[in-house]
């Protein structure tokens, strides 16, 4: 059998496995999605993060949210934190965008945003610029935001006026995008 035919067979099998895997994952969680309009999400991000509207990019008209409990399961089984860090093509922005994109593709959730800002050690010394995730959830007590560090699987609830701290880093957000 020629190499080209073998390559086509492998490609077709691989694509079939990806599509079946997506179906299995979607059906495993039984996500109860709540739908919110763009304005509601903009207000949540602006009020909670203290950002101006021009610091927030929302690409969709409707946003599909689930509970933090379900998000926790998605994070537990996502392997993004297993990705190997490499300066430029495998760094923080790649981790954040891959995590958000995979959540959209696998679970039909566009409630995982990517954020950019500065990170500081707990003594207030600037470590540098960083990209990470902001996750919007709909819990029994209402809409909430979590800061998620895809490189380590660390997270924290974001509360208006409080510092955002995960592990030994403080996060200060300059901009976020949900797509």
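The values are calculated or read from the model by the stated rules, or taken from the named source; none is laboratory data. The shown structure was predicted, so the numbers you read here are calculated from the model rather than taken from an experiment. Please note: Cβ atoms are built from the backbone with ideal geometry, for glycine as well, and neighbour counts cover all protein chains shown.
Quick look at the values:
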{"item": "Any helices (runs of 4 or more DSSP H) falling wholly within the range 1-120 and containing at least 1 residues that are in the same structural domain as residue 149 (by TED's automatic domain parsing) and touching a strand residue (DSSP E or B) at 6+ places or on another chain (Cβ under 8 Å)", "result": "38-49, 68-77, 92-107"}
{"item": "Candidate set from the range 137-156 (those that are free of Cβ contacts under 8 Å to residues at least 40 places away in the same chain and under 18 Å from the mean Cα position of the chain (by Cα)); member that is nearest to residue 98 (Cα to Cα)", "result": "149"}
{"item": "Count of the range 162-174 residues which are under 22 Å from residue 138 (Cβ atoms), in contact (Cβ under 8 Å) with a residue 24 or more places away in the chain and exposed (fewer than 14 other Cβ atoms within 10 Å of the Cβ)", "result": "0"}
{"item": "The range 1-31, residues that are over 18 Å from the mean Cα position of the chain (by Cα) and within 30 Å of residue 62 (Cα to Cα)", "result": "15, 16, 17, 18, 19, 20, 21, 23, 24, 27, 28, 30"}
{"item": "Residue 124 vs. criteria in contact with a helix residue (DSSP H, G or I) (Cβ under 8 Å, 6 or more places away or on another chain) and outside the structural domain of residue 18 (by TED's automatic domain parsing)", "result": "no"}
{"item": "Residue satisfying all of: in the range 72-104; closer than 18 Å to residue 137 by Cβ and at pLDDT 90 or above; surrounded by the fewest Cβ atoms within 10 Å (Cβ to Cβ) among these", "result": "104"}
{"item": "Checklist (1) under 12 Å from the mean Cα position of the chain (by Cα); (2) surrounded by fewer than 16 Cβ atoms within 10 Å (Cβ to Cβ); (3) assigned to a strand (DSSP E or B) applied to residue 134, failing item", "result": "(2)"}
{"item": "For residue 152: the one exception among (1) buried (at least 19 other Cβ atoms within 10 Å of the Cβ); (2) within 21 Å of residue 82 (Cα to Cα)", "result": "(1)"}
